[in-house]
Amino acid sequence: MVQILPKTSSDLGWSDVLEELAGRCQTERGAHRARATDGYERREDAQRRIEVVQQCRLAADENIRLSLDGVTDLRPVLSRVDKGGVLTSEDLLAVAATLRAASGLRRQGRTLAENRPALAELLTGINVLSDVRVAIDDCFDDSGDLADHASPELGQLRDRARNLREEAIRRLREMLADPVVQHRLQDDYYTDRDGRYVLPVKAELRHEVKGIVLGSSASGATVFMEPEAVIDVNNRIKLATAELEREVRRILAGLSDLVRMERSELISTLERLALIDVVGASARLAEDLGCAEVSFSDHGQLDLRGLRHPLMVLAGTEVVPNDVRLTPGSTLVVTGPNTGGKTVLIKTVGLCALMVRAGLVPSCLGQSRIPFYDVVLTDMGDDQSITRSLSTFSAHMTNVGRLLDLADSAALVLLDEVAVGTDPVQGAALARAIVEALADREAMVLVTTHYAQLKELPTKDPRFVNASMGFDLERIRPTYEMIPNAPGSSSALSVARKLGLPSELLERAAGLLDPAAAKLDRLLEQLEVERRALASGQQDLEAERTSVARRRAELDKAERAMEEQRKAFRKRGYDEAVTALRGARDELDRSRKRLRMVRREDDLAAEERQINSRANDVAQHAPPPDAPPSRPAKAAELAVGIEVWVAQLGGLARVVSVDRSGISVQAGALKLRVEPDDVRIPNSPSGRPSAGPRAQKNAYKPPGHMPTGTQDSEELNHFREPQTTCDLRGLRVDEAEEHLARFLDRMILEEAASVLIIHGHGTGALRKMVRQQLGSTASMGQLRGGRRGEGGDGVTVAFFRS
């Protein structure tokens, strides 16, 4: 890592950015590492870190959180164990919890290997020291105490100590139950002093109780006596407790030795965990800043889009984003009024350079590119020092001397109000000489100034570029918007006039100005006014465009909704008509039965013709199908022979002629004259216009046209299914006619594409009836006989119109 120059860090507020980073860390060690962040030496390392941070952001978007819960700063623990100390249970549990968190992160890394490889590599590289964690976990129970099975002796010693305490308590309870003893006690309880069980005896009666006095109350009214009956048990408890403590210490010492042996690996694990913490904090910082992607430029170009000062954004300040673009070795001369944002702008560029050097995503809203600067050099602020006898000007010149020594083609130099604090004429000349010297060293420079000599440089030297910060003279406030390729006016007299200074004073000041400088300043002010007027007009125009587009979208949406509603109404009416038709069919069945009984066949035939007429009317009003995926036809595309979707037909037709008055299309034997606007070109995966699946099957053909059963046209394919097949064999003609009518009604309602009617060969009466009824059905398209494998002329295949 390369340390950032202290002067640069101080001028740009780098430590404040690092404090924001540290505040987003989950662990103390991570926060400590964040505050010590420096720059990478190699561009590849910085790019790799930014890539890991961006992948961490993507993982967070998928609700994948890098949890460091349980991670503790173990440095004090490792320092103590390194000196031969024995760790406490709490210390060992902290070690185990930290390693457990490390193990969880490594498991996460394995799941991310395919989609987030850079982040996965960081996580899977953790040494989780499973042997250490397992050894500690095995010795402790869920409550955090050493488990009885931590050693073969520990459980036995605890049992012995517990039994002895129970024995002592049993004897004491017997004494408490003795009326004679009760008389001598201050209260009916037992307690302990220094690990020995005692009774509270009245001080004046202590001579009546055999035992040893181990203490007294603060008032002296009560003495705590160890009764003679429990002295021996207390002694054995003391010995058992001491032996138990030695065993506990021996177990803890063994675990401490295990930690000591892995001390170096543990330190490595802690550093990796701290790094993961900083990466996660970097991702959260980038998210809070709303940062876009960034990459290092290959040829030294600076292209920062939507640039904003990170600390201002995090403070909740409304920040105006700016774009900064510079070519290698160029100098940006930033001018404009005081408090207009010049210094903030160049500081923000400097912070972005430091952030990417440190592997952080810079605070840009758009995809940006930035060089990998070897060093960022600054001269800002007031560095005067009374103790060192340095004035403001002297301090700046001392610092500029150092900058000139360090600046080269890999340096970014930021100068705020260069060469101020001295005679303005000499200061302007010195400022020009300084920036020219830096340009000779091919450094990329951003300089703020009020000097006219520097504003004029871009007109004489292509290495220099002007930019200014906008200022609203009407409202007397800066806009903070950077205007590229335009110098800015300091606007001192205009601001003073708006603020109410006496006009005679302002006129006197204007008369003292150099005429050329005054003219330039007026021109720059007028340019800013005109630019703001133009920008306002553009904003109004854009707002109007947005409003029109929004209104158009609303109208399109309303139109689509009305069309859907119209289709729904028509479909509902059609369904109701089909339902009514079914009712008529049922009534026809009942009438047929009655009329047969009285042999009135003529009346029956008349009623059936009436119902068939109603069925045809219903079919004529069936809702048209939606057009297949298609686009409006262009005049140049309409050529003889191409297929088009014709709304009037509800299906495909072929263009047979094109002239100025329109086009003619043909579907089977039907020819139709249509307007070009009434047809559409269907989309086709193969690149040629074609119909959709149903239209391919159902292209309209006059019912009278009866192709042979051997014809193999794609448009006449029927996929035989039980629900679209009607078997009339074995029925009389009149029964078959009734059955077929009901079947066709159902198929119309279910919007079947085609049907297959089995009538057999026989005398041909059934076949004739079937084809006559199908031919007279208005919703029916083309008919054909069966093909080989379908039943030949013993079946009829019928295709409904689309």
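The values are calculated or read from the model by the stated rules, or taken from the named source; none is laboratory data. These numbers come from a predicted model, not from an experiment. Cβ coordinates were reconstructed from backbone atoms using ideal geometry, including for glycine residues, and neighbour counts include every protein chain displayed. With ligands, DNA and RNA removed, areas are computed over all heavy atoms of the protein, side chains included. Shrake-Rupley method; radii C 1.70, N 1.55, O 1.52, S 1.80 Å.
Just to be sure I understand, how many residues within region 33-46 are among the acidic types (Asp, Glu) and touching a residue at least 60 places away in the same chain (Cβ under 8 Å)?
So in region 33-46, the residues among the acidic types (Asp, Glu) come out as 38, 41, 44-45.
From what is left, the residues that are touching a residue at least 60 places away in the same chain (Cβ under 8 Å) are 38, 45.
Residues that pass the stated criteria total 2.
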(Q) Out of everything in region 47-65 that is free of Cβ contacts under 8 Å to residues at least 40 places away in the same chain and over 29 Å from Arg133 (Cα atoms), what residue ends up being farthest from the chain's Cα centre (by Cα)? (A) Glu62
**Q.** Pairs with Cβ under 9 Å, 6+ apart, first in region 466-494 and among the basic types (Lys, Arg), second surrounded by 22 or more Cβ atoms within 10 Å (Cβ to Cβ) and at pLDDT 65 or above
**A.** Arg477/Phe471
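Looking at Ala218, Ala274, Ala240, which is the one that is at negative phi, more than 60 Å from the chain's Cα centre (by Cα) and either assigned to a helix (DSSP H, G or I) or of a type in the set (Phe, Trp, Tyr) (or both)? Give the steps one after another, and end with the answer.
Details: Ala218 fails: either assigned to a helix (DSSP H, G or I) or of a type in the set (Phe, Trp, Tyr) (or both); Ala274 fails: more than 60 Å from the chain's Cα centre (by Cα).
Within the list Ala218, Ala274, Ala240, the selection yields Ala240.
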Q) Which of the residues belonging to region 715-735 are modelled with pLDDT of 75 or more, closer than 13 Å to Ala798 by Cβ and assigned to a helix (DSSP H, G or I)? A) Thr724
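Output the number of residues of region 433-467 satisfying the condition of being of a type outside the set (A, V, I, L, M, F, W, C) and either touching a helix residue (DSSP H, G or I) at 6+ places or on another chain (Cβ under 6 Å) or at positive phi (or both). So that I can check it myself, show each step before the final result.
Of the residues in region 433-467, the ones of a type outside the set (A, V, I, L, M, F, W, C) are 436, 440-442, 448-451, 453, 455-456, 458-463, 466.
Next, from what is left, pick out any that are either touching a helix residue (DSSP H, G or I) at 6+ places or on another chain (Cβ under 6 Å) or at positive phi (or both): 442, 448, 451, 453, 463, 466.
Result for region 433-467: 6.
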(Q) Being free of Cβ contacts under 8 Å to residues at least 40 places away in the same chain, in a loop (DSSP other than H, G, I, E, B) and crowded, with 16+ Cβ neighbours inside 10 Å is the filter here; which residues of region 423-449 pass it? (A) Arg441
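Listed here are the residues, each with its yes/no results for (1) hydrophobic (A, V, I, L, M, F, W, C); (2) more than 21 Å from Gly125 (Cβ to Cβ).
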position: Ile50; (1), (2): yes, no
position: Ala59; (1), (2): yes, no
position: Thr72; (1), (2): no, no
position: Ser79; (1), (2): no, yes
position: Arg100; (1), (2): no, no
Q) Does region 185-196 contain at least one residue that is open to solvent by 90 Å² or more (accessible area, probe 1.4 Å) and among the basic types (Lys, Arg)? A) no
(Q) I'm checking my understanding of the structure. Among residues of region 651-661 that are modelled with pLDDT under 80 and surrounded by fewer than 20 Cβ atoms within 10 Å (Cβ to Cβ), which one is farthest from Ala778 (Cα to Cα)? (A) Arg660
**Q.** Count of residues meeting criterion [touching a residue at least 60 places away in the same chain (Cβ under 8 Å) and either of a type in the set (Val, Ile, Thr) or surrounded by 20 or more Cβ atoms within 10 Å (Cβ to Cβ) (or both)] in region 102-130
**A.** 9
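Does Arg29 satisfy the condition of being open to solvent by 60 Å² or more (accessible area, probe 1.4 Å), out of contact with any strand residue (DSSP E or B) (no Cβ under 6 Å at 6 or more places or on another chain) and part of a helix (DSSP H, G or I)?
Details: open to solvent by 60 Å² or more (accessible area, probe 1.4 Å): no; out of contact with any strand residue (DSSP E or B) (no Cβ under 6 Å at 6 or more places or on another chain): yes; part of a helix (DSSP H, G or I): yes.
Against the criterion (open to solvent by 60 Å² or more (accessible area, probe 1.4 Å), out of contact with any strand residue (DSSP E or B) (no Cβ under 6 Å at 6 or more places or on another chain) and part of a helix (DSSP H, G or I)), Arg29 does not qualify.
Taking the condition open to solvent by less than 50 Å² (accessible area, probe 1.4 Å), modelled with pLDDT of 90 or more and within 21 Å of Glu44 (Cα to Cα), does Arg369 pass? Break it down stepwise before answering.
Details: open to solvent by less than 50 Å² (accessible area, probe 1.4 Å): no; modelled with pLDDT of 90 or more: yes; within 21 Å of Glu44 (Cα to Cα): yes.
Judged against the criteria, Arg369 is not a match.
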Q: Please determine, by comparing only the residues of region 162-176 that are over 13 Å from Pro227 (Cα atoms) and touching a residue at least 60 places away in the same chain (Cβ under 8 Å), which one is surrounded by the fewest Cβ atoms within 10 Å (Cβ to Cβ).
A: Glu167
Q: Filter region 372-401 down to the residues that are more than 36 Å from the chain's Cα centre (by Cα) and of a type in the set (Ser, Thr, Tyr), then identify the one that is modelled with the highest pLDDT.
A: Thr378
Q: Find the residue count for region 32-83, including only residues that are assigned to a loop (DSSP other than H, G, I, E, B) and under 14 Å from Ala274 (Cβ atoms).
A: 8
Q. Is there a residue in region 773-782 that is at pLDDT 80 or above, part of a helix (DSSP H, G or I), at negative phi and open to solvent by 40 Å² or more (accessible area, probe 1.4 Å)?
A. no
Q: Look at Leu311 and say whether it is under 30 Å from Asp73 (Cα atoms) and touching a residue at least 40 places away in the same chain (Cβ under 8 Å).
A: yes
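If you check Val334 against the conditions, is it surrounded by 23 or more Cβ atoms within 10 Å (Cβ to Cβ), within 28 Å of Val413 (Cα to Cα) and at pLDDT below 95? Lay out the reasoning, then the answer.
Values: surrounded by 23 or more Cβ atoms within 10 Å (Cβ to Cβ): yes; within 28 Å of Val413 (Cα to Cα): yes; at pLDDT below 95: yes.
In short, yes.
Just one of Leu377, Leu354, Leu332, Leu360 is within 25 Å of Glu19 (Cβ to Cβ), in a strand (DSSP E or B), of a type in the set (A, V, I, L, M) and in contact (Cβ under 8 Å) with a residue 40 or more places away in the chain; which is it? Reasoning before the result, please.
Working: Leu354 fails: in a strand (DSSP E or B); Leu332 fails: within 25 Å of Glu19 (Cβ to Cβ); Leu360 fails: in a strand (DSSP E or B).
Residue meeting the stated conditions: Leu377.
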Q. Looking only at residues in region 311-329 that are in contact with a Leu (Cβ under 9 Å, 6 or more places away or on another chain) and not in a loop (DSSP other than H, G, I, E, B), which one is nearest to Ala411 (Cα to Cα)?
A. Leu326
Q: Search region 450-464 for residues being without any contact (Cβ under 8 Å) to a residue 60 or more places away in the chain and in a loop (DSSP other than H, G, I, E, B), and hand back the single one that is nearest to Arg325 (Cα to Cα).
A: Pro462
(Q) Restricting to region 66-108, count the residues that are under 39 Å from the mean Cα position of the chain (by Cα) and closer than 16 Å to Ser264 by Cβ. (A) 6
Q | Selected residue (criterion: least open to solvent (accessible area, probe 1.4 Å)) from residues of region 197-229 that are touching a residue at least 12 places away in the same chain (Cβ under 8 Å) and of a type in the set (D, E, K, R) | A | Glu226
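Taking the stated definitions as given, is Glu243 in contact with a helix residue (DSSP H, G or I) (Cβ under 8 Å, 6 or more places away or on another chain) and in contact (Cβ under 8 Å) with a residue 60 or more places away in the chain?
Values: in contact with a helix residue (DSSP H, G or I) (Cβ under 8 Å, 6 or more places away or on another chain): yes; in contact (Cβ under 8 Å) with a residue 60 or more places away in the chain: yes.
Spelling it out, Glu243 is indeed in contact with a helix residue (DSSP H, G or I) (Cβ under 8 Å, 6 or more places away or on another chain) and in contact (Cβ under 8 Å) with a residue 60 or more places away in the chain.
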Q: Any residue in region 628-648 that's free of Cβ contacts under 8 Å to residues at least 24 places away in the same chain and assigned to a loop (DSSP other than H, G, I, E, B): show its pairings with residues that are of a type in the set (A, V, I, L, M, F, W, C) and open to solvent by 30 Å² or more (accessible area, probe 1.4 Å) at Cβ separation under 9 Å, as long as the two are six or more apart or on different chains.
A: Ala639/Val658; Val640/Val656; Val640/Val658; Gly641/Val656
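Which residues, taken from region 74-83, are touching a residue at least 12 places away in the same chain (Cβ under 8 Å) and open to solvent by 40 Å² or more (accessible area, probe 1.4 Å)? Full working, then the answer.
Of region 74-83, the ones touching a residue at least 12 places away in the same chain (Cβ under 8 Å) are 74-75, 77-78, 81-82.
Those that are touching a residue at least 12 places away in the same chain (Cβ under 8 Å) and open to solvent by 40 Å² or more (accessible area, probe 1.4 Å): Arg75, Asp82.
Could you please find all residues in region 629-648 being among the aliphatic types (A, V, I, L, M) and either at positive phi or open to solvent by 60 Å² or more (accessible area, probe 1.4 Å) (or both)?
First pass over region 629-648, keeping only residues among the aliphatic types (A, V, I, L, M): 633, 635-636, 638-640, 642, 644, 646-647.
Hits for region 629-648 are Ala635, Ala636, Val640, Ala647.
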